[in-house]
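Worksheet: one structure, shown below.
The numbers here are math on the coordinates, done by the rules we state, and not lab data. What you see is a predicted model; the values in this text were computed from it and never measured. Neighbour counts are summed over all protein chains in view; Cβ atoms, including those assigned to glycine, are modelled from backbone coordinates with ideal geometry.
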Amino acid sequence: MKDSLVLLDRILAHPDSRCWFLAWNPSGTLLASCGGDRSVRIWGTEGDSWICKSVLCEGHQRTVRKVAWSPCGNYLASASFDATTCIWKKKEDDFECVTTLEGHENEVKSVAWAPSGNLLATCSRDKSVWVWEVDEEDEYECVSVLNSHTQDVKHVVWHPSQELLASASYDDTVKLYREEEDDWVCCATLEGHESTVWSLAFDPSGQRLASCSDDRTVRIWHQYLPGNEQGVACSGSDPSWKCVCTLSGFHSRTIYDIAWCQLTGALATACGDDAIRVFEEDPGSDPQQPTFSLMAHLPQAHSQDVNCVAWNPKERGLLASCSDDGELAFWKYQRPEGL
């Protein structure tokens with residue numbers, strides 16, 4: 001299974017520091033990384049190798065925990081332990097910090113843009129999720145503060161085509177939110193993990209959500225609309241989310257990140273056992289009770305915890321990963337032959 005993940009390049013992206021997170025721009029030509037050195041770095045190709053195109057080090061006073069590109073690719077948001085989120089605007093080959101979003105009481109753990117580009121979500125150790133509205137003048141206004149979680153909120157992610165927001169928390173739950181009469185409300189709580197939920201990923205259709213946890217499992221949640229043929233009960237007009245698959249026994253430590261490839265449907269995980277794994281849904285598997293198989297397992301992908309995995313949005317099988325060892329690695333995934 002090692003052969004199905006081939007190393008293309010390995011870079012010491014954040015020397016003497018953890019590399020926390022990675023995000024591809026929408027066209028798949030640039031990769032942003034962030035780390036404990038308070039910087040964001042932008043990577044691009046030159047010939048066959050990846051090089052650092054920009055270092056953004058003026059925006060934050062502490063660790064940068066997550067980065068996210070706007071859907072248009074002209075803006076990059078960075079969430080930091082200094083309790084702020086910076087918005088960087090791409091100007092030719094460089095980036096300028098145009099806005100700093102303040103308001104969280106503690107470390108900002110994650111940031112994500114809605115598919116429209118008009119909304120931004122942030123979450124924090126202060127247990128809150130904030131929804132920000134972006135106007136045509138690039139002004140950002142907080143339109144909702146959601147206090148549904150009882151502990152540190154680790155991650156936020158938007159549905160790929162709807163204004164539906166999901167968050168993962170130290171309180172072992174996943175929450176879903178939607179807009180209702182000019183405010184945002186929690187419309188679902190997904191319970192089942194036995195420890196911290198670290199990350200989330202929607203499948204390409206948005207009908208399923210994958211969550212990964214400190215309990216060393218991945219859970220696949222399926223959306224059921226009111227009046228569904230399967231008879232899954234829904235509350236009013238809100239869809240119901242049901243766990244239809246649990247991947248357990250594959251990971252020996254905390255699973256810190258999960259990525260669902262929008263091109264192939266492959267699931268990649270980043271684990272505290274220094275490994276990267278790739279799963280694929282079995283051909284002909286029942287959508288109501290799907291089964292997944294482990295297709296690739298790279299035991300020592302990094303020398304320390306793997307913090308993030310990110311599929312390129314345009315090039316099939318191109319996967320990036322980063323680690324506590326400060327390194328960034330690029331991999332080519334190919335489904336094993338005969339499967």
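Brief remarks on what is shown
- Here's the picture: a label point sits 7 Å out from the Cα of ASP183 along the beta-carbon direction, and within region 136-150 the residues with their amide nitrogen under 14 Å of it are 143-148.
- Added length on full extension, which subtracts the Cα-Cα distance from 0.36 nm per residue, ARG316 to ASN106: 71.8 nm
- Segments 73-82, 303-312, 176-185, 52-61 sorted - mean Cβ within 10 Å per residue, highest first: 73-82, 303-312, 52-61, 176-185
- From phi via Karplus (6.51, -1.76, 1.60), per-residue ³J(HN,Hα) for region 104-113 in Hz, x at Gly/Pro: 5, 7, 9, 3, 8, 9, 7, 8, 8, 9
- Residue-count net charge about THR217 - beta-carbon cut-off 15 Å; Lys, Arg +1, Asp, Glu -1: -3
- In a reduced charge model with +1 at each Lys and Arg Cβ and -1 at each Asp and Glu Cβ, the chain shows a dipole moment near 1000 debye about its Cα centre.
- Residues with amide H under 5 Å from that of ARG216, placed H, sequence gap 5 or more: ILE255
- Relative contact order (percent, whole number), region 187-339, Cα cutoff 8 Å, 6+ residue spacing: 16
- Region 269-339: relative contact order as a whole-number percent, Cα under 8 Å and 6+ apart: 27
- The share of C-alpha pairs in region 197-339 whose separation exceeds 25 Å stands at 28 percent.
- For region 84-139 versus region 1-80, the gap between their alpha-carbon centres in whole angstrom: 17
- Over the chain, the hull volume per residue, using the convex hull of the C-alpha atoms, is 123 Å³.
- Projecting the Cα atoms of GLY272, TRP158, VAL129 onto the charge dipole of the chain (Cβ charges, centred on the Cα centre) puts GLY272 farthest toward the positive pole.
- Residue exposure sequence - ILE255, ILE51 - by fewest surrounding Cβ within 10 Å: ILE51, ILE255
- Summed residue charge, Cβ within 11 Å of VAL111's Cβ, Lys/Arg positive, Asp/Glu negative: +3
- Long-range amide H partners of CYS271 with built H, under 5 Å: TYR256, VAL306
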